[in-house]
1. If you go through the range 530-548 one residue at a time, do you hit one that is more than 15 Å from the ligand (Cβ to nearest atom) and free of Cβ contacts under 8 Å to residues at least 24 places away in the same chain?
2. Counting only residues that are over 28 Å from the mean Cα position of the chain (by Cα) and touching a residue at least 12 places away in the same chain (Cβ under 8 Å), give me the helices (runs of 4 or more DSSP H) lying completely in the range 267-362 with at least 2 of them.
3. Looking at the range 404-422 only, could you name the residues that are more than 13 Å from the chain's Cα centre (by Cα) and under 24 Å from GLN451 (Cβ atoms)?
4. How many of the residues making up the range 386-400 are more than 6 Å from the ligand (Cβ to nearest atom) and not acidic (Asp, Glu)?
5. Mind listing whichever residues of the range 221-266 are touching a residue at least 40 places away in the same chain (Cβ under 8 Å), crowded, with 22+ Cβ neighbours inside 10 Å and assigned to a helix (DSSP H, G or I)?
6. Do we have GLU50 as in contact with a Cys (Cβ under 9 Å, 6 or more places away or on another chain), closer than 21 Å to LEU130 by Cα and among the charged types (D, E, K, R) here?
7. Counting residues that are within 14 Å of the ligand (Cβ to nearest atom), which helices (runs of 4 or more DSSP H) fully inside the range 402-518 reach at least 3?
8. What do you reckon, is GLN351 of a type in the set (S, T, N, Q), away from the ligand (no atom under 16 Å from the Cβ), closer than 28 Å to LEU250 by Cβ and not assigned by TED's automatic domain parsing to the domain that holds PRO437?
Amino acid sequence: MKITGADALLKALEQEGVEVVFGIPGGASMPIYDPLVDRSSIRHVLCRHEQGAGHAAEGYAWVTGKVGVCMATSGPGATNLVTPIADAKMDSVPIVAITGQVPTPVVGNDAFQEADITGITIPITKHNFLVKDVADVVETVREAFHIASTGRPGPVLIDLPKDVLLAETTWKWPDHVTLPGYKPTTKGNQRQVVEAVKMILKAKRPVLYVGGGVIKADAHKELHDLATAGQLPVVTTLMARGAFPDSNELCLGMPGMHGNYTAVTAMQKSDLLVALGARFDDRVTGKLAAFAPHAKVIHVDIDPAEIGKNRAVDVPIVGDCRDVIGKMAAELIARQEEAGGPPDRSAWLGQLREWRQAHPYRYDQQPDGPLKPQYCVERLRAFADDDTILISGVGQHQMYASQYWRFERPRHWVNSGGLGTMGFAVPAAMGAKVGQPDKRVVAIDGDGCFQMTAQELATSTTEHIPFVTAILNNGYLGMVRQWQELFFDERYSGVYLNPDVPDYVKLAEAYGAVGFRVDHPEEVDAVIEKAYAVEDRSVVIDFRVDPREMVFPMVPSGASNDDIILSPDQASPHADPMEAPLA
Ligand SMILES: Cc1ncc(C[n+]2csc(CCOP(=O)(O)OP(=O)(O)O)c2C)c(N)n1
């Protein structure tokens, strides 16, 4: 059977189980849109900006574990995808980006709307393809999905020149993928697992340092087995919130620059860090040379390049977290049974309990005082269930969300951790809602972030994809303002946005969404209840929060985690600003 390259592309996507593509068409990609009229089961969600399409694909991938797909035309359409592709690379999110390209005879000619998107995205994709022959379309799709979803997941781009999309080929689905040179190690070495377990049994102050890889590998059950059998305390990084339930006694919560005292200090004082799908990111380690100075390290990661990258490792284990953690739990349980139970960890666990009691997250919401952003997050959580999916943008609100939401389940928290992309929340929430239509999706956003991609509310209305956006509106680029207050002697520069511009309620209404505004603490609950009751449209809540509020605790960039600042009065304005790159 002869079909066009465009038909072959869509059929191949269907074979891969793709239900939805987020995109915007244009000259070079038009051939792909024709079969979408009546020859394809795939839903196309017409976004308002390609960046939105890319983040929507990410949100979909985060909450479903499947590959998200976004599509753009050549030139500016493709370059608008650069930010979400880079975001997906940093956070190991499996997406396939499909771009139209100018016809092959004019590639390299500076043709109208030509951009060398495979060249541009080499460093920010796991792999990319420029398909020059229509006979390669189907195999390329097969390979792209395989690469995006296996090993360490990540973004793959397929660039398709218009003449390739219009040319004819014979449909044939390849039985399997053959990619010499790409064979991720998924099974952990049992001897290394045994070494690791011996170390865990000997450790006096062990900590499981859990990163996003545990969620990507769907290894939360195995993690639960390992932690509970061994009585091992767990920290969940920003990328791993929900990998282990916050309600579990062993959960210490989030470490890092804005992590809580106990999680940060437990790692500092630990004698054994068991890093599981985590990458010793600078936001977690603080000053690397001073990080967890007494700890031996076991490092489990599917990506061998991560092991030893930042921190020397005593027991490296390359493999899929689900396989390796499962093996570790089984080995630990067997050895403990032989020994008649787990080692006595009461002193360490008691110490952690003391720290938690002494240093919880703190904020002060006076009944008649200014509205505190932390209070808004706590109340948004109080009216939500464990199945609610939370998305955030980047800045102070992201940190409040990760600190004050209670995360109980994996794949229910979506944010931009590695790249820190403002504008992530609204489109990612939209993609998450498409992936999990039966769950409530709430985006906590900053007023700065919101304004970068708010136009996707139009997509939400026209495509019937309802979600709630709670803007913690402080009228500032708050996180940058916080650094200027602390490290630049309160010399505010380029950070004031004005909380009244735009009028967020009117803006929401203009997009066909429902808008609410909250100025005082006593209004919070009623508005959240009203917002959560709306199911057929998106809702925007404009929470007018105290612009002077700051995120604490804080380990200033470049400082040791031992120097964690718990409250504003401890902050030294004389920290070296050169050590303080903006958030
Ligand atoms: C695309 C992009 N531009 C700039 C930054 C730098 N940056 C990090 S946080 C931040 C402020 C965010 O402001 P807002 O969305 O209002 O959130 P808030 O910090 O006030 O909660 C800025 C400008 C960024 N992370 N991403």
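The values are calculated or read from the model by the stated rules, or taken from the named source; none is laboratory data. This one's a predicted model, so the numbers in the text were calculated from it and none came from an experiment. Here the Cβ positions follow ideal geometry from the backbone for every residue, glycine too, while neighbour counts run over all protein chains shown.
1. Yes, the range 530-548 contains at least one residue that is more than 15 Å from the ligand (Cβ to nearest atom) and free of Cβ contacts under 8 Å to residues at least 24 places away in the same chain.
2. Qualifying helices (runs of 4 or more DSSP H): 321-339, 346-358.
3. TYR404, TRP405
4. Looking only at that region, the number is 8.
5. GLU222, LEU223, LEU226, GLY230, LEU238, MET239, THR262, VAL264, ALA266
6. Spelling it out, GLU50 is indeed in contact with a Cys (Cβ under 9 Å, 6 or more places away or on another chain), closer than 21 Å to LEU130 by Cα and among the charged types (D, E, K, R).
7. Per the criteria, 425-435, 447-453, 478-487.
8. Yes: the conditions hold for GLN351.
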